[in-house]
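Enquirer: Pasting in a structure now, in structure tokens, and then I'll have a few things to ask.
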Amino acid sequence: MHKFIEKIRKFESKPLIVKNFLNNEDIKLFQKLYEELPIEIDNKRQQIIKKKWSIEFNKELQKKYNQKLKEIIGEYEMDNPETKEDSKSLGLFQESRMPVTLHVDTGFDFDKIIYKQTLLPLSSTGETIIFKNRFYGCATTFSIDPKELSAKGYNKRSSEHLSLYNGKAFDDEIYNKYLSHEDIDNLKGLEVELIFKWKLGDLLVFDRTNLHCSSKNINKKKIGFTSSTQKL
């Protein structure tokens, strides 16, 4: 459990969609950067390719991104896993051919004051579901599937979320439209805060304590860039 929960809560807010965070020229620069970066992880089981944006790549675009993000969320420090070469990173590019399942990106250092997470679409098709429910443990993928619970990965695997919330049945209409790739019983007690419909140039900002996942609606594949931040 995070040590400074009250400080973390002080900085929490509702998720925010920033329209036209990037212009067309900047979008192309991000897409070009994605093509140039080396692959960090090629997960065949989850059908996800991951690339980390090392601080050694495209320092001019780094500066622009950080400045624009600061205008939205104020002072922050990046808090992303290092690359395979032990270089600091500004975040993670993900190319997904399957929906990313229910999880939370709270990290593993309980002494940090975790802050905001951002999602920048680099393809025009995709949806991200942000739940009102929050979690203050370590980064966790939530599941009731025994295969998923026994799988190895960066996140912890757990079904403890089912005992944290009210156990109310999940909304059938939202489930059928967006989340039928999940077991509906895995969503008990969860309530949707926001459904972010991907649009090139827009930016989603939400708290790292928010549970979230992809919708089922993917057209072949989608590419997005995520950053995690902390307060000092």
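The values are calculated or read from the model by the stated rules, or taken from the named source; none is laboratory data. Not measured: the values here are computed from a predicted model. Every residue, glycine as well, gets a Cβ built from its backbone with ideal geometry; the counts of neighbours run over all protein chains shown.
Enquirer: Out of (1) out of contact with any Ser or Thr (no Cβ under 8 Å at 6 or more places or on another chain); (2) in contact (Cβ under 8 Å) with a residue 40 or more places away in the chain; (3) surrounded by 15 or more Cβ atoms within 10 Å (Cβ to Cβ), what's the single condition that is false for LYS220?
Expert: Checking LYS220 against (1) out of contact with any Ser or Thr (no Cβ under 8 Å at 6 or more places or on another chain); (2) in contact (Cβ under 8 Å) with a residue 40 or more places away in the chain; (3) surrounded by 15 or more Cβ atoms within 10 Å (Cβ to Cβ), the one that fails is (3).
Enquirer: Sort out which residues of segment 162-192 are touching a Gly at 6+ places or on another chain (Cβ under 9 Å), at pLDDT 95 or above and in a helix (DSSP H, G or I), and write them in order of number.
Expert: Within segment 162-192, no residue meets the criteria.
Enquirer: Another one. Name every residue in segment 30-42 that is surrounded by 15 or more Cβ atoms within 10 Å (Cβ to Cβ) and among the hydrophobic types (A, V, I, L, M, F, W, C), in order of residue number.
Expert: Those that are surrounded by 15 or more Cβ atoms within 10 Å (Cβ to Cβ) and among the hydrophobic types (A, V, I, L, M, F, W, C): PHE30, LEU33, LEU37, ILE41.
Enquirer: Does at least one position in segment 177-190 carry a residue that is buried (at least 16 other Cβ atoms within 10 Å of the Cβ), closer than 25 Å to PRO81 by Cβ, in contact (Cβ under 8 Å) with a residue 60 or more places away in the chain and hydrophobic (A, V, I, L, M, F, W, C)?
Expert: No, segment 177-190 has no match at all.
Every residue, every condition in (1) touching a strand residue (DSSP E or B) at 6+ places or on another chain (Cβ under 7 Å); (2) of a type in the set (Asp, Glu), yes or no:
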| residue | (1), (2) |
| --- | --- |
| MET1 | no, no |
| PHE4 | yes, no |
| ARG9 | no, no |
| PRO15 | yes, no |
| PHE21 | yes, no |
| GLU25 | no, yes |
| PHE30 | yes, no |
| GLU36 | no, yes |
| ASP42 | yes, yes |
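Enquirer: For segment 193-232, what are the residues that are over 29 Å from ALA169 (Cβ atoms), part of a loop (DSSP other than H, G, I, E, B) and touching a helix residue (DSSP H, G or I) at 6+ places or on another chain (Cβ under 8 Å)?
Expert: Selection gives LEU200, GLY201.
Enquirer: Please work out if LEU102 is without any contact (Cβ under 8 Å) to a residue 60 or more places away in the chain and either on the phi < 0 side of the Ramachandran plot or within 18 Å of the chain's Cα centre (by Cα) (or both).
Expert: Working: without any contact (Cβ under 8 Å) to a residue 60 or more places away in the chain: no; either on the phi < 0 side of the Ramachandran plot or within 18 Å of the chain's Cα centre (by Cα) (or both): yes.
No; evaluated as a whole, the condition is false for this residue.
Enquirer: Which of the following residues is in contact with a His (Cβ under 9 Å, 6 or more places away or on another chain) and either modelled with pLDDT of 95 or more or under 28 Å from LYS152 (Cβ atoms) (or both): ASP42, ASP105, ASP86? Give the derivation first.
Expert: On the way: ASP42 fails: in contact with a His (Cβ under 9 Å, 6 or more places away or on another chain); ASP86 fails: in contact with a His (Cβ under 9 Å, 6 or more places away or on another chain).
The match here is ASP105.
Enquirer: Sticking with this structure for a sec: Scan segment 82-129 for residues that are surrounded by fewer than 19 Cβ atoms within 10 Å (Cβ to Cβ) and of a type in the set (Phe, Trp, Tyr) and jot them down.
Expert: PHE108, PHE110
Enquirer: Could we say that TYR165 is closer than 27 Å to PHE93 by Cβ and among the hydroxyl-bearing types (Ser, Thr, Tyr) here?
Expert: Details: closer than 27 Å to PHE93 by Cβ: no; among the hydroxyl-bearing types (Ser, Thr, Tyr): yes.
Taking the combined requirement at face value, the residue does not satisfy it.
Enquirer: Could you please tell me which pairs satisfy a Cβ distance under 7 Å, a separation of 6+ or placement on different chains, a first residue in segment 17-32 that is without any contact (Cβ under 8 Å) to a residue 60 or more places away in the chain and within 24 Å of LYS52 (Cβ to Cβ), and a second residue that is part of a helix (DSSP H, G or I) and among the aliphatic types (A, V, I, L, M)?
Expert: LEU29/LEU61
Enquirer: Enumerate the pairs (first residue in segment 139-163 and over 15 Å from HIS212 (Cα atoms); second residue anywhere and at pLDDT 95 or above and assigned to a helix (DSSP H, G or I)) with beta-carbon separation below 7 Å, excluding pairs fewer than 6 apart on the same chain, so at least 6 apart or on different chains.
Expert: If the second residue must be at pLDDT 95 or above and assigned to a helix (DSSP H, G or I), the pairs left are ILE144/ASP185; ILE144/ASN186.
Enquirer: Mind counting the residues in segment 50-72 that are crowded, with 19+ Cβ neighbours inside 10 Å and not basic (Lys, Arg)?
Expert: Total satisfying the criteria: 5.
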